[in-house]
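Worksheet for the structure shown next.
Quick note: the coordinates plus some simple rules give every number you see, no bench work behind them. Only a predicted model underlies this, so the values are computations on that prediction, with no experimental measurement involved. Cβ: placed from backbone, ideal geometry, glycine included. Neighbour counts: every protein chain shown.
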Amino acid sequence: MKKFLVVPAMLFSIASFAQTHQHVASEVPDAVRYCDVHGAFERLVNENPGIEDEILESERELEEFTRNFAESGLENARVDYIITVVFHIIHADGLENISDEQVYDAIEILNEDFNLGNVDISAVIPEFQGIVANVGVEFRLARLDPEGECTKGIVRVYSTQTNSGGENLKTISPTWPRAKYMNVWVAADLSGGAAGYTYTPGSVNGFWGAEADGIVIKHSYVGSIGTGSPTRSRALTHEVGHWINLRHPWGGTNDPGLESNCDSDDSVSDTPNTIGWTSCTLYGESCGSLDNVQNFMEYSYCSRMFTNGQKSRMLAALNSPTANRNQLWSEATLNSTGVLTEGTLCEIDFGANIREICTGDSIVFNDYSFHDVINREWTFEGGFPATSSDQQVVVYYNEPGLYNVGLQVGNGVQTLNETAPQYIRVWSSEGQQLPYIEDFEAGTGILANWSLQNTDSENTWEITNQTGVSGNHSLRLGNRYNPAGQIDEVMSKTINMSDTTVSIAISFKYAYARRNTGNDERLSLWISNDCGESWSLRAMLNGEFETAPYTTADWYPSSAAQWQEVIVDNITQSHYVSNFRFKFKFESDGGNNIYIDDINIGNSQSLSVENFVNDANVSLFPNPATDEVHIRIESAVPFDYDLTIFNTIGQSVFSADNRYFAGGSDQLNINTGALPSGVYLVNIQTRGGNKIVKRLVISR
């Protein structure tokens, strides 16, 4: 029989009892690494000086309450313990933005584990079958938020801080009142490599803990589907156990496997003393008796059970006023969170697994409307099928365009309607032929040839008519007024590079200014060989890549000298496909505006844009041409040059080498009667290495 543990009056013991429990994100038990015993608890103490004594007193009071509760036998009273849950999903549009279905699956697993409904309970070894507990706690997703508005208990917030999650998540998506909700924050990754952590009730009983109280967990440890897995799905059960005042079977540390743990304890009478396990050694003995390796509070990755003693301890916490746990399951609370009724139809909501595809591809649509939807009617403009009444629908698109999606849902009494304009973008699976030249002078809107990713709804990429390299237009991001931390992407239409027989490169010019020396911003170029489903990084500009002096004004480039050219020639042959795409991604840090112009894709040997150091002016006319084109050169400086005309696959169709320009103006007349209709590049290369490229269209 174990002695009941009283908290020693030492700060280290306080930290051990009131610790933040962090469990490392590894699916392979013998690869587990463990985190600092203090973890986020120490940060909480550092941010709130002088709270140690209050934590110690809260822990003592809760331990005394727990002892009295166990002696009273109240854990055997028939009580419906229902806890309302809200999931805060912090995401940057990655895999961490888990589906509603994955959240529902996680809730289902919690309810199975806490109510003896898990199918693997029969796998508990016979020696512990007699103390397997039906805890009798049910978890339900919120139906009403703190303001009494309809919710499905899932909040989604965009933030790149999801990649280093921790206490920062609780500011990004603030805590719902802990007296009514169990808060769960989901992130892409956690600082320190943990799978999840939480606080025990006594450590957050004070005012300082109200905003911190809850569970933080990595997305791949939520549920058994989607990004989760059956092996990792009990991590949330484990963290909820801590949240309701359970400790590890080896005591108040995060570190199993230490011989000294035999002298430690978890304050539960029927969990054998153990040093803890990171492997599923079912008949392991570490402290002189058989260990409960299959306990949900172990690290063994074969969790199956809570014990009756753990049940008593958790129910004691739920009946204690410590950290408001006794208010969670009151009828008044459950009515205010809406979980005692089926809910009424209050919100229409739908989503798609992808928003951009190429012709012939499909999109999966899901209806997320709530609550009590019994009928629905989809309309898919341009899609097949054009209508459906299913909750999930696979729709194919065969023609390029921007398409609306509509949904009507009903519960037999009322209906709700929603139409999302231009919700789906379909690009041609056989894109524009090379060469690709974009100077933004055509005057079309940006959505004619580009798509945007702007999750923060701040300023994003647009076509401006106020500045350009070779004209008055360019691509502009008004970053001067964007807060730091924003990400804006502009993605091209599809380009057909499947017929090329030469090496391909991408060139572009940019102009950029910072507001101060501390701005650390990034412009990157990405390419895709599958219509934008996946992307590969090919160029990154960051740090001191500005082309103009610092300025706090709303900056525009004022001369050609404030533009810089970038040529990217690491385009691998695996990207020579018919549905090639590229995108620019800008990550802001409080700097100034950035501009892009004169984007070209073509033969890497001839590719560049207007780049004469001697300010030569080259013009083509007529353009489009039929049987003849006139090439006019104007410059005050003489030079030697070669002239070559390339077709769309990089082949030379005309060349004039070793030519001399004496200065002033000169005109070269070229017969194009034998050339097929199409797009060509006129390349002029000087002996000094400068070049200029012009686009020529032949049309008959």
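Between Ile225 and Asn623, what is 0.36 nm times their sequence separation minus the Cα-Cα distance? Round to one decimal in nm. Walk me through the intermediate numbers first.
Values: separation 398, 0.36 × 398 = 143.28 nm, distance 5.77 nm.
Extending this stretch completely gives an extra 137.5 nm.
Need the list of lysines near Lys170 for cross-linking: C-alpha distance under 17 angstrom, and skip anything on the same chain fewer than eight residues off. In chain and number order, the partners are Lys180, Lys218.
Loop-only GluC sites (Glu not before Pro) in segment 87-147, please: DSSP not H, G, I, E or B, and at most 14 other Cβ atoms within 10 Å.
Working: sites: Glu96, Glu101, Glu108, Glu112, Glu127, Glu138, Glu147; in loops: Glu96, Glu147.
Within segment 87-147, the qualifying GluC sites (Glu not before Pro) (loop, at most 14 other Cβ atoms within 10 Å) are Glu147.
Taking amide hydrogens as placed 1.01 Å from N in the peptide plane, the amide H of Val405 sits under 5 Å from those of Ala420, Gln422, Tyr423, each at least 5 positions away in sequence or on another chain. By the count of other C-beta atoms within 10 Å, a proxy for reagent exposure, His371, His242, His630 are ordered fewest to most as His630, His371, His242.
Among Ser619, Ser429, Ser286, sorting on how many other beta-carbon atoms sit within 10 Å of each Cβ, with the fewest leading, yields Ser619, Ser429, Ser286.
Just the number, please: percent antiparallel of the DSSP beta bridges in the chain, rounded to the nearest 5.
Numbers: 118 of 145 bridges.
Percentage antiparallel, nearest 5: 80.
Can you tell me, using C-alpha contacts under 8 Å and at least 6 residues apart, the relative contact order of segment 617-698 as a whole percent? Intermediate values should be presented prior to the final figure.
Working: 180 pairs, mean separation 28.4, N = 82.
Relative contact order here is 35 percent.
Distance from the C-alpha centroid of segment 538-572 to that of segment 646-700: 28 Å, rounded to the whole angstrom. Using C-alpha pairs under 8 Å with a sequence gap of at least 6, the mean separation divided by the residue count of the chain gives a relative contact order of 10 percent.
When you restrict to C-alpha pairs under 8 Å that are six or more residues apart and normalise by the size of segment 432-603, the relative contact order lands at 37 percent.
Order by neighbour count: Ser300, Ser498, Ser578, fewest other Cβ atoms within 10 Å first, most last.
On the way: Ser300 24, Ser498 14, Ser578 18.
Fewest-to-most ranking of Ser300, Ser498, Ser578: Ser498, Ser578, Ser300.
Dividing the summed -39500 (n - 2.57) terms of all DSSP H runs of n ≥ 4 by the residue count of the chain sets its mean residue ellipticity at 222 nm at -3500 deg cm²/dmol. If the chain linking Leu668 and Leu258 were pulled fully straight, counting 0.36 nm for each residue of separation and taking away their Cα-Cα distance, it would gain 139.1 nm.
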